[in-house]
1. So, counting K/R as plus one and D/E as minus one, what does the shell of residues with Cβ under 12 Å around S45 add up to?
2. Determine the sum of side-chain charges near A57: Lys and Arg each +1, Asp and Glu each -1, restricted to other residues whose C-beta is under 13 angstrom from that of A57.
3. Sort K52, K88 by Cβ crowding within 10 Å, fewest neighbours at the top.
4. To make sure I understand, if each residue's beta carbon is the centre and we count other beta carbons within 10 Å, what order do I58, I46 fall in, fewest to most?
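Only the coordinates and a few stated rules stand behind these numbers; no lab work does. Quick caveat, the model's predicted, so the values are computed rather than measured. Ideal geometry is used to build each Cβ from the backbone, glycine not excepted, and the neighbour counts take in all protein chains shown.
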Amino acid sequence: MAPLHFKQLPTANLSAVSVLLLLALSAGSALSQTAPADPATTTRSIEAGKEKAYAAAIANCEGMWDRDTHMTRNEWSRTCRRVQARLKQMEWK
């Protein structure tokens, strides 16, 4: 089968391709014109992510408690929170 030359393409296909190209170009320029993220919003997002990680670390630590440990569940939980609070202070300073 011989390759198609530009002159052999139907006009309807050319207009559809033109429309698609224009849409792609306009979408690209619209994306490049979006405003940068607000630094305060970004900071809040980072802080929220850290708080979630902090809570997950505590939950993970509390989940490791076993009846055969030398601490009650409440003592273990307090220890988990104290250690995570110290780690948080070291990280955020």
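1. Details: positive: R44, K50, K52; negative: D38, E47, E51.
Within the 12 Å Cβ shell, the charges total 0.
2. On the way: positive: K50, K52, R81, R82, R86, K88; negative: E51, E62, E91.
Net charge around A57: +3.
3. Values: K52 10, K88 15.
The most exposed by this proxy come first: K52, K88.
4. Numbers: I58 16, I46 10.
By the 10 Å Cβ count, ascending: I46, I58.
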